[in-house]
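Everything on this sheet refers to the single structure shown next.
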Amino acid sequence: MDVTQPPLGMLAELTHRCPLHCPYCSNPLELVTRANELSTAQWISVFDQARELGVLQVHLSGGEPLARPDLPELVSHASELGCYVSLVTSGLGLTESRFADLVDRGLAHVQLSVQGADAERANLLAGTKAHDHKLTAARLVKAAGLPLSVNVVLHRANHDQLEGMIALAEQMEADRLELANTQFYGWALRNRDALLPTREQLAAAEPVVRAAIERLRGRMQVVYVLSDYYEPYPKPCMSGWGAQQLTVAPDGTVLPCPAATAITTLSLENVRERPLAEIWYDSESFNAYRGEDWMREPCRTCDRRSVDFGGCRCQAFQLTGDAAATDPVCERSPDRGLVDLILEAPSGASEFVMRGPR
Ligand code: SF4
Ligand code: FES
């Protein structure tokens, strides 16, 4: 019997508005417009409900959460509820006074995105002059004594700068560096052929990452997220569906994972219409792939099913049209050929398209 535990964390996507145009954006093709975003009062109610439900970590994300003028109020509220509040930001719009105010209100942690090792590449990949803002943001975070995580999405157009980006994170005095190969959801999926790293790039990255982990141990935690298409087994996505985290999209849609809007067969619910606790425990969407009862062969009897939970439901749906299928990344999946075909396709010629409104 599966007993559903309360969620530990909530990703609150305050807005889809964003000053960057990253080609690897995992937000859906169709973004929520400003007019459809939850109001301040509605977000405050979401935070109250989340805390009551058991949530202890609130990640304020987007889009760019700094685009919401009510961000200070939301930080205060989440922090007064006793939550650990993280800001997931591009750094654009983070001025000294704005940041000091957020810290006063209880902000506990900042995760900053980095697109490249130098201004030229980083600005090219962000589609705007972003790099200098990031250096400033990192300085502000460290000067305030807050922990800083740097997040780098790796792909074919920046893998060659891996060493430079590790050096940049060191220069920023990051406490944690996440080097994550692109996951192909939302906008990133349409750019997959251009973003997928090559086998050579991944082979070259491995010793660089290993050396950095060793050298920086105790100073900066380095986490490497593999390019799962090249792996024999899928990632344990979301630590299992509806198991530990929930996401609230800018319009109040509650998602079992940030990419769940990709599963068009899933009927999603909204905090405007149903209490968060009911959605977590009783909704069709959260219960659809919880535990193991939904699994078919080969997952149902597989010795790895409690390790990877059958992989990622969104990826299964995107590649096979069936969200209950074994993640096709798995070498035991009858659909692994779909992933191999993608890897064999001639690459290099295709250009990526910068993130646009739709
Ligand atoms: Fe994981 Fe299913 Fe593959 Fe087994 S068959 S390794 S449970 S995805
Ligand atoms: Fe949705 Fe993996 S991204 S389950």
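Counting only residues that are of a type in the set (Asp, Glu), at positive phi and within 21 Å of the chain's Cα centre (by Cα), segment 121-175 holds 0 of them.
Looking across segment 259-268 at every residue that is more than 21 Å from Gly62 (Cβ to Cβ) and more than 9 Å from ligand 2 (Cβ to nearest atom), the one that is surrounded by the most Cβ atoms within 10 Å (Cβ to Cβ) is identified as Leu266.
Listed by first and then second residue, the pairs linking a residue in segment 24-35 that is without any contact (Cβ under 8 Å) to a residue 40 or more places away in the chain to a residue that is open to solvent by less than 30 Å² (accessible area, probe 1.4 Å) and not β-branched (Val, Ile, Thr), with Cβ atoms under 9 Å apart and 6 or more places separating them unless they lie on different chains, are Thr33/His16; Thr33/Pro250; Arg34/His16; Arg34/Pro250. Suppose the filter is open to solvent by less than 40 Å² (accessible area, probe 1.4 Å), closer than 18 Å to Leu148 by Cα and over 18 Å from the mean Cα position of the chain (by Cα); does Ala100 pass it? Here the answer is no, as Ala100 does not meet what is asked.
Exactly one residue among Arg300, Arg290, Arg296, Arg272 is away from ligand 1 (no atom under 16 Å from the Cβ), basic (Lys, Arg) and either open to solvent by 30 Å² or more (accessible area, probe 1.4 Å) or assigned to a loop (DSSP other than H, G, I, E, B) (or both), and that residue is Arg272. Thr320 falls short on exactly one of the conditions (1) within 13 Å of ligand 1 (Cβ to nearest atom); (2) closer than 15 Å to Phe184 by Cβ; (3) open to solvent by less than 40 Å² (accessible area, probe 1.4 Å), and that condition is (3).
If we scan segment 131-144, do we find a residue that is among the hydrophobic types (A, V, I, L, M, F, W, C), without any contact (Cβ under 8 Å) to a residue 40 or more places away in the chain and in contact with a strand residue (DSSP E or B) (Cβ under 8 Å, 6 or more places away or on another chain)?
No, the conditions are met nowhere in segment 131-144.
State all residues of segment 228-241 that are at pLDDT 95 or above and within 30 Å of Leu66 (Cα to Cα); if no residue qualifies, say none. Scanning segment 228-241 gives a single hit, Trp241.
Annotation: of all residues in segment 1-36 being touching a Lys or Arg at 6+ places or on another chain (Cβ under 8 Å) and more than 26 Å from Thr182 (Cβ to Cβ), the one that is modelled with the highest pLDDT is Arg34. Screening segment 218-268 for residues that are in a helix (DSSP H, G or I) and more than 25 Å from Leu177 (Cα to Cα) and picking the one that is nearest to the chain's Cα centre (by Cα) gives Ala260. Buried (at least 16 other Cβ atoms within 10 Å of the Cβ) and within 16 Å of ligand 1 (Cβ to nearest atom): does that describe Gly337? So Gly337 fails the test.
To keep it simple, each residue is scored yes or no on (1) of a type in the set (Ser, Thr, Tyr); (2) within 12 Å of ligand 2 (Cβ to nearest atom); (3) free of Cβ contacts under 8 Å to residues at least 12 places away in the same chain.
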position: Glu206; (1), (2), (3): no, no, yes
position: Ala211; (1), (2), (3): no, no, yes
position: Leu226; (1), (2), (3): no, no, no
position: Pro236; (1), (2), (3): no, yes, no
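No other residue among Pro256, Pro298, Pro275 is more than 14 Å from ligand 2 (Cβ to nearest atom), at pLDDT 95 or above and closer than 30 Å to Ala50 by Cα apart from Pro275. The residues on offer are Arg355, Arg313, and the sole one that is closer than 30 Å to Arg34 by Cβ, in contact with a His (Cβ under 6 Å, 6 or more places away or on another chain) and surrounded by 21 or more Cβ atoms within 10 Å (Cβ to Cβ) is Arg355. Screening segment 241-252 for residues that are open to solvent by 10 Å² or more (accessible area, probe 1.4 Å) and touching a Lys or Arg at 6+ places or on another chain (Cβ under 9 Å) and picking the one that is farthest from ligand 1 (Cβ to nearest atom) gives Asp251.
For Asn151, the stated conditions hold: it is touching a residue at least 24 places away in the same chain (Cβ under 8 Å), of a type in the set (S, T, N, Q), touching a Leu at 6+ places or on another chain (Cβ under 9 Å) and surrounded by fewer than 22 Cβ atoms within 10 Å (Cβ to Cβ). Of note, Val88 does not satisfy the criterion of being in contact with a strand residue (DSSP E or B) (Cβ under 7 Å, 6 or more places away or on another chain), outside any helix (DSSP H, G or I), buried (at least 24 other Cβ atoms within 10 Å of the Cβ) and not small (Gly, Ala, Ser). I'd like to know if segment 40-57 contains one or more residues that are modelled with pLDDT of 95 or more and part of a strand (DSSP E or B). Looking for residues that are modelled with pLDDT of 95 or more and part of a strand (DSSP E or B), one finds at least one in segment 40-57, hence yes. Scanning segment 175-217 for residues that are outside any helix (DSSP H, G or I) and more than 27 Å from Ala316 (Cα to Cα) returns Asp175, Arg176, Leu177, Arg217.
The values are calculated or read from the model by the stated rules, or taken from the named source; none is laboratory data. The shown structure was predicted, so the numbers you read here are calculated from the model rather than taken from an experiment. Positions of Cβ are generated from backbone atoms using ideal geometry, with glycine treated the same way; all protein chains shown enter the neighbour counts. Quick note on the areas: whole protein, heavy atoms, side chains included, nothing else; ligands and nucleic acids left out. Shrake-Rupley method; radii C 1.70, N 1.55, O 1.52, S 1.80 Å.
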